[in-house]
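Enquirer: Quick one: the structure is below, and I'll ask about it shortly.
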Amino acid sequence: MYQQGAKKYFMTIKLIKNRSDIGAGTRGSDMGIDAIEIAAINSNNDFFHKHLYEDVPTHNETIYNKVNNNFAKRIEHVAEQCERVASVVTKNIKEGFFPIVLSGDHSSALGTISGIKAAHPSKTLGVIWIDAHADLHSPFTSPSGNIHGMPLAAALGLDNLACQINEPGEPTLTHWKHLKNIGIAGPKFDPADLVYFGLRDFEAAEEQMILQNHIKTYKVEELRFRGLQVAVTEAIEQLKNCDLLYISFDVDSMDCDSVSYGTGTPVPIGFFANEIIGIIEALVATKKVACIEFTEINPLLDNKGNKMAETAFQVLDHIATKL
């Protein structure tokens, strides 16, 4: 909801359900959306009955295909999935909806970013990446070849050849070029308009990109020492020239010991749910947020039943009331 003069306007939420996990190294995040819905049902919350939704077709069956390039696994199918997500996001924004994207693995965030930019090609986009990981690898630098570690590099159009360790073949390079040009040709936003919250697990190649491009990062301990409001206010100031903001919330940004290990790449010493809510709520209050994404919930890895999905739903349900 936002207010202009004496009138109040409500944003109509559309849930975009993207059950794809082909960009991850571990199976199971495709079931994350169902796990969130179960969390809502078990808490007698009719959230998923109150809001419109749209399902994005997936390529999850391709997980059984032989991997031909370990530097960017299943890149051709990830590219197609990102195209699908981008198309759905663009359509819904143009129809006046506020998309909340519920995704499996984080590679699809490239599709979301590309879809926002395609809907608003003349507007400046800022990205808030709430994640333990930088996701700034490319096929040239990735030690795993998992594309959920590459969406920001693709969205920024960065190869990071200075840190190259791999020699991708021509087919991979063709698909990588495709990834970098989904939605509209070229980069979707500027590195100066990227802010990390919770970053604490990354490789040297990604660190060089962060330092080289002066990308703002807020680690968990810094946010707690300086105060959440101070850090978020500073981030908002950093992004003051952006017309629109996109928030990507990877649940591995949360503390795996106090919350759950129900995500593909858990990392200790993360945020608590109330801190995630505080960050997102303050950003939403700017009235610039155009889309929010929830991603990387893996109920198959949850060591506390369905705790990760329950915590993610707690965040989702609260934030939806602020839109």
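Enquirer: Residue separation times 0.36 nm, minus the C-alpha to C-alpha distance between ALA185 and ILE41: what's the value? Please report the intermediate quantities before stating the final value.
Expert: On the way: separation 144, 0.36 × 144 = 51.84 nm, distance 4.16 nm.
Value of the extension gain: 47.7 nm.
Enquirer: What list of ³J(HN,Hα) couplings, whole Hz, do you get for the stretch 173-183 from phi and the Karplus terms 6.51, -1.76, 1.60, once you set θ to phi - 60° and write x for glycine and proline?
Expert: So the Karplus estimates, Gly and Pro as x, are 5, 5, 5, 5, 4, 4, 4, 6, 10, 5, x Hz.
Enquirer: To continue, here is another question. Any idea which of THR311, ILE116, VAL127 is furthest toward the positive side of the dipole for the chain, if Lys and Arg beta-carbons carry +1 and Asp and Glu beta-carbons -1?
Expert: ILE116
Enquirer: For TYR218, which sequence-distant residues (separation of 5 or more, or a different chain) have an amide H within less than 5 Å of its own amide H, given hydrogens modelled in the peptide plane?
Expert: Residues meeting the amide H criterion: TYR196, PHE197, GLY198, LEU199.
Enquirer: If the reach is capped at under 16 angstrom between alpha carbons, list the aspartates and glutamates near LYS288, excluding any in the same chain fewer than eight residues apart.
Expert: ASP193, GLU234, GLU237, ASP243
Enquirer: Follow-up question, since we're still on this one. State to the nearest 20 debye the size of the charge dipole of the stretch 28-168 about its Cα centre, where the only charges are +1 on K and R beta carbons and -1 on D and E beta carbons. Before the final figure, lay out each step's value.
Expert: Details: 9 positive and 16 negative charges, 74 e Å.
So the magnitude is around 360 debye.
Enquirer: Compute the FRET efficiency between ILE269 and THR174 as 1/(1 + (r/R0)^6), taking r as their Cβ-Cβ distance and R0 = 35 Å, and round to the nearest 0.05.
Expert: Details: r = 40 Å, r/R0 = 1.14.
It comes out at approximately 0.30.
Enquirer: Given the rule -39500 (n - 2.57) for each run of at least 4 DSSP H residues, summed and divided by the residues of the chain, what is its mean residue ellipticity at 222 nm, to the nearest 500 deg cm²/dmol? Intermediate values should be presented prior to the final figure.
Expert: Numbers: 11 runs with 116 residues, N = 323.
Using -39500 (n - 2.57) per qualifying helix, the result is -10500 deg cm²/dmol.
Enquirer: Still on this structure: For the chain, what relative contact order do you get, as a whole percent, if you take Cα pairs closer than 8 Å and at least 6 residues apart? It would help to have the intermediate numbers written out before the result.
Expert: Working: 698 pairs, mean separation 71.0, N = 323.
Normalised by residue count, the contact order of the chain is 22 percent.
Enquirer: Still on this structure, please answer the following. Taking the Cβ of LEU316 as the center, what net charge do the other residues with Cβ under 13 Å away carry, scoring Lys and Arg +1 and Asp and Glu -1?
Expert: On the way: positive: LYS17, LYS50, LYS322; negative: GLU37, GLU281, GLU293, GLU310, ASP317.
So the surrounding residues net to -2.
Enquirer: If amide H atoms are built 1.01 Å from N in the plane of the peptide, which residues on other chains or at least 5 residues away come under 5 Å of the amide H of GLY145?
Expert: Result for GLY145 returns nothing.
Enquirer: About its Cα centre, how strong a charge dipole does the stretch 158-225 have in debye, to the nearest 20, once Lys and Arg get +1 and Asp and Glu get -1 at the Cβ?
Expert: On the way: 7 positive and 11 negative charges, 55 e Å.
Rounded to the nearest 20 debye, it is 260 debye.
Enquirer: Compute the distance in nm between two label points, each set 7 Å from the Cα along the Cα-to-Cβ direction, one at VAL230 and one at ALA204.
Expert: Placing both labels 7 Å beyond Cα along the Cβ direction yields 3.4 nm.
Enquirer: What size of dipole, in debye to the nearest 20, comes out for the chain about its Cα centre when the only charges are +1 on Lys and Arg C-beta atoms and -1 on Asp and Glu C-beta atoms? Don't skip to the answer; put the middle values down first.
Expert: On the way: 29 positive and 40 negative charges, 214 e Å.
My answer is approximately 1020 debye.
Enquirer: Still on this structure, please answer the following. Along the positive direction of the dipole of the chain (beta-carbon charges: Lys, Arg +1; Asp, Glu -1; about the Cα centre), which of ILE147, SER258, LEU245 reaches farthest?
Expert: So the residue we want is LEU245.
Enquirer: Please compare each pair in LYS73/LYS188; LYS50/LYS188; LYS14/LYS73; LYS73/LYS219 to a cut-off of 27 Å on the Cα-Cα distance and tell me which ones are over it.
Expert: Check vs 27 Å cut-off fails for LYS50/LYS188; LYS14/LYS73; LYS73/LYS219.
Enquirer: How much net charge surrounds ILE38 when only the other residues with a Cβ under 13 Å from the Cβ of ILE38 are counted, with Lys and Arg +1 and Asp and Glu -1? Mind dumping the intermediate values first?
Expert: Numbers: positive: LYS307; negative: ASP34, GLU37, ASP302, GLU310.
Value of the local net charge: -3.
Enquirer: Sort out for me the Cα centre separation of the stretch 250-323 from the stretch 95-137, rounded to whole Å.
Expert: So the two Cα centres are separated by 16 Å.
Enquirer: How much length, in nm to one decimal, is gained on full extension between GLN212 and ALA285, taken as 0.36 nm per residue of separation minus their Cα-Cα distance?
Expert: Details: separation 73, 0.36 × 73 = 26.28 nm, distance 3.07 nm.
Gain on stretching GLN212 to ALA285: 23.2 nm.
Enquirer: Let me ask you something else. Amide H of VAL289: which non-local residues (sequence gap of 5 or more, or other chain) have their own amide H closer than 5 Å, using H built in the peptide plane?
Expert: LEU245
Enquirer: Could I have the simple spin-label model distance between THR26 and ILE165, label points 7 Å from Cα toward Cβ, reported in nm to one decimal?
Expert: In this crude spin-label approximation the distance works out to 2.0 nm.
Enquirer: Normalised by the residues of the stretch 111-188, what does the relative contact order come to in percent, with Cα pairs under 8 Å and at least six apart? Write out the running numbers ahead of the final one.
Expert: On the way: 88 pairs, mean separation 28.8, N = 78.
Contact order relative to length: 37 percent.
Enquirer: Gain in length, LYS123 to GLU237, computed as 0.36 nm per residue apart minus the alpha-carbon separation, to one decimal in nm? Walk me through the intermediate numbers first.
Expert: On the way: separation 114, 0.36 × 114 = 41.04 nm, distance 1.75 nm.
Here the segment from LYS123 to GLU237 would lengthen by 39.3 nm.
Enquirer: Which of ASP55, ASP159 comes first, and how do the rest follow, when ranked by fewest Cβ neighbours within 10 Å?
Expert: On the way: ASP55 12, ASP159 18.
Result, fewest neighbours first: ASP55, ASP159.
No value in this document is a laboratory result; all are computed from the given coordinates. Given the structure is predicted, the values throughout are model-derived calculations rather than measurements. A quick note on method: Cβ atoms are made from the backbone with ideal geometry, for glycine too, and the neighbour counts reach across all protein chains shown.
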